[in-house]
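The values are calculated or read from the model by the stated rules, or taken from the named source; none is laboratory data. Note that the structure is a prediction, hence the values are computed from the model and not measured. Using ideal geometry, Cβ is built from the backbone for each residue, glycine included, and neighbour counts are taken over all protein chains shown.
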Amino acid sequence: DNHVHSSFIYRRLRNHERREIQREILSILGLPHRPRPFAPGKQASSAPLFMLDLYNAMTNEEDSEELEYSLKGSIAGDSRGIRKGYPASPNGYSQRIQLSRMTPLTTQNPPLASLHDTNFLSDADMVMSFVNLVERDKDFSHQRRHYKEFRFDLTQIPRGEAVTAAEFRIYKDRSNSRFGNETIQISIYQIIKDYPNRDADLFLLDSRKAQASDVGWFVFDITATSNHWVINPHNNLGLQLCAETGDGRSINVKSAGLIGRHGPQSKQPFMVAFFKASEVLFRSVR
Amino acid sequence: AANNKRKNQNRNKSSSHQESSRMPSVGDYNASEQKQACKKHELYVSFRDLGWQDWIIAPEGYAAFYCDGECSFPLNAHMNATNHAIVQTLVHLMFPDHVPKPCCAPTKLNAISVLYFDDSSNVILKKYRNMVVRSCGCH
């Protein structure tokens, strides 16, 4: 007798019922009001496709066995960053998997935190992608170094969420033909201190080697930095990305084939963080 | 009910109607409880109907069951739904103040994942466990 009662009549919600359900859902989502994205002057976010892939993977995972979304870390040698069991998406994912096959994730400097096998997605209660807030693109430093800056506002994180992993993702197209098939070193730094008339103090977070002909998404681990920024928002001065040839010559990031904020929306760089709820949010009694 | 009826009999000797001494037959019980037969309704919450499709990216909405009435449902291999409902109902009839009737409650809850934009056009994917009622049964 556990059947769905056919006599239950479907009808449109009345206004007060609509408001009641809206209030109920906002209280479950933990939101004070409904968000107003894309207000005039706000740029569109650069990660809906990636997040939609994650949403589909998470929904599939709920319907079927655990989803293996694992990032095999780079300790040294040729461990690869591979997403297994992850539906190849129309944009960068398939290229990303090719890329991880072609370019072993070797790092010259011991990585900050060795990425290890973990099931980010099924453990995560929340995943959040952040829009890059840098307005002007500086290209050239005082000490004649090419770089790109990226800023992300981590103060919007809903209360009670702890960062379990964070990645900076940037898309690489084929580099400028003058680099032939040279090896290019792409490095990501945390800005420690800014100065008006000299280069900023930087801290190397992660770096990758790529062939000039490589195409696809590059994923840099910035978990430690993100946790630091969540705890000390005033220290969040952003990231610097730069590219060098094999012999250490600094080259223009765009000519290295790296897509900045003016690239097609599906290839713009963004940051994504995975969270675990550190406290149970009790809803107000209604 | 039988006890109450007997007390009533003692109290008003005069009334010796045949009905008052009759045990409520299963027919009466079912007839009187018929209005409470187990029902599981589906409530579909559509984010589009709520006018929220500009910030909720997925899903379109979500379907949740809610239950009312009195149900019985398999508890395990031996104590199946019917046995449980009979035993529970008989004991309820004997001790109506202490033993509840078999009744209906959510017994299987599923998670729902919501993908939405926040005020700054960041994208948030959040998983809410135990959000959607998928089946009903006795608690």
message = Suppose we filter segment A:151-174 for residues that are under 16 Å from A:VAL131 (Cα atoms), assigned to a strand (DSSP E or B) and not hydrophobic (A, V, I, L, M, F, W, C); how many remain?
response = 3
ask   = Checking A:SER226 against (1) surrounded by fewer than 22 Cβ atoms within 10 Å (Cβ to Cβ); (2) more than 20 Å from A:ALA256 (Cα to Cα); (3) of a type outside the set (Val, Ile, Thr), which test does it fail?
value = (1)
ask   = Filtering segment B:103-134 down to residues that are buried (at least 17 other Cβ atoms within 10 Å of the Cβ) and away from every other protein chain (no Cβ under 11 Å), which residue is farthest from A:ILE25 (Cα to Cα)?
value = B:CYS103
query = Is it the case that A:ASP214 is within 10 Å of A:GLY257 (Cβ to Cβ), modelled with pLDDT under 95, crowded, with 18+ Cβ neighbours inside 10 Å and acidic (Asp, Glu)?
reply = yes
query = Filter segment B:70-129 for residues that are acidic (Asp, Glu) and at pLDDT 85 or above; which is nearest to B:PRO59 (Cα to Cα)?
reply = B:ASP118
request  = May I ask you to list pairs of residues, at least six apart or on different chains, whose Cβ atoms are under 9 Å apart, with the first in segment A:41-53 being within 7 Å of chain B (Cβ to nearest Cβ) and more than 13 Å from A:VAL131 (Cα to Cα) and the second being buried (at least 17 other Cβ atoms within 10 Å of the Cβ) and at pLDDT below 60?
outcome  = A:LEU52/A:SER89
